[in-house]
Amino acid sequence: MKLLVTGFDPFGGEKINPAWEAVKELPDTILDSEIIKLEIPTVFNKSAEVVKAAIHKYQPDVVLNIGQAGGRFGITPERVAINMDDARIPDNEGNQPIDEMIQENGAPAYFTQLPIKAMVEGVKAAGYPASVSNTAGTFVCNHIMYQVQYMIATEFPNVKGGFIHVPYIHEQVVTKSSMPSMSISDISKALEATLVKIVELKDQDDLKLVGGAEH
């Protein structure tokens with residue numbers, strides 16, 4: 001089994017992105033499965049072009065994109081991506097699409113094929129906070145999750161895709177009062193726990209566990 005795991009470069013004035021820093025620390029193999037690590041730009045459309053080229057190059061079974069969600073307390077696998085770009089801030093090349101569809105002929109939304117409930121349980125069992133998220137936002141994180149799902153629907157039907165948001169790391173919150181954070185090492189270990197579950201359940205359904213939210 002081959003898994004392509006990506007992390008974004010820094011954005012929004014930050015000097016570091018915990019997504020890529022944690023991805024870099026992942027092992028090269030997990031349960032005999034190959035882990036391919038790739039940094040991608042926090043740029044609408046270009047991020048998808050980079051990932052698509054990597055899918056052609058590496059022919060992965062799974063594409064897992066990782067992004068920063070400052071303010072979240074734990075590891076949050078995303079359930080769904082929506083067909084909408086609505087950028088609160090510009091991306092790293094100054095693009096700021098407002099209320100724009102990502103793909104004119106795409107579905108209103110796509111759901112991940114990954115076992116997000118099992119992934120959450122795996123992270124908790126490893127000793128880290130985690131929960132299912134039902135919104136990937138409307139910035140480049142949602143954009144890349146949607147674009148990968150669109151690629152799966154239209155070009156790569158044998159690939160599974162998903163997205164995980166991770167918190168700030170400690171050095172990012174020195175001047176951000178009361179903002180939660182985790183260490184790079186802990187985020188990486190938590191991500192490894194999700195990858196273990198992806199590999200273990202590659203031919204199985206997700207666990208049937210409570211993971212919803214009231215709001």
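Brief remarks follow.
- Restricting the first member to segment 48-65 and to residues that are closer than 16 Å to GLN113 by Cα, and the second to residues that are among the charged types (D, E, K, R) and not in a strand (DSSP E or B), the beta-carbon pairs closer than 9 Å and six or more apart or on different chains are ASP61/LYS202; VAL62/LYS202.
- Residue list for segment 77-97, filter: open to solvent by less than 30 Å² (accessible area, probe 1.4 Å), assigned to a loop (DSSP other than H, G, I, E, B) and closer than 20 Å to ASN17 by Cα: ALA87, ASP91
- Residues satisfying the stated conditions in segment 39-54, i.e. of a type in the set (A, V, I, L, M, F, W, C) and surrounded by 19 or more Cβ atoms within 10 Å (Cβ to Cβ): ILE40, VAL43, PHE44, ALA48, VAL51
- Qualifying positions in segment 33-44 - assigned to a loop (DSSP other than H, G, I, E, B) and either free of Cβ contacts under 8 Å to residues at least 60 places away in the same chain or closer than 15 Å to VAL63 by Cα (or both): PRO41
- Some residue of segment 176-194 being at pLDDT 95 or above, farther than 17 Å from ILE66 by Cα and among the polar types (S, T, N, Q): no
The values are calculated or read from the model by the stated rules, or taken from the named source; none is laboratory data. Fair warning: this is a prediction, and the values are worked out from it, not measured in the lab. Every residue, glycine among them, receives a Cβ derived from its backbone with ideal geometry; neighbour counts consider all protein chains shown. In case anyone asks, the SASA skips ligands and DNA or RNA and just uses the protein heavy atoms, side chains included. Shrake-Rupley method; radii C 1.70, N 1.55, O 1.52, S 1.80 Å.
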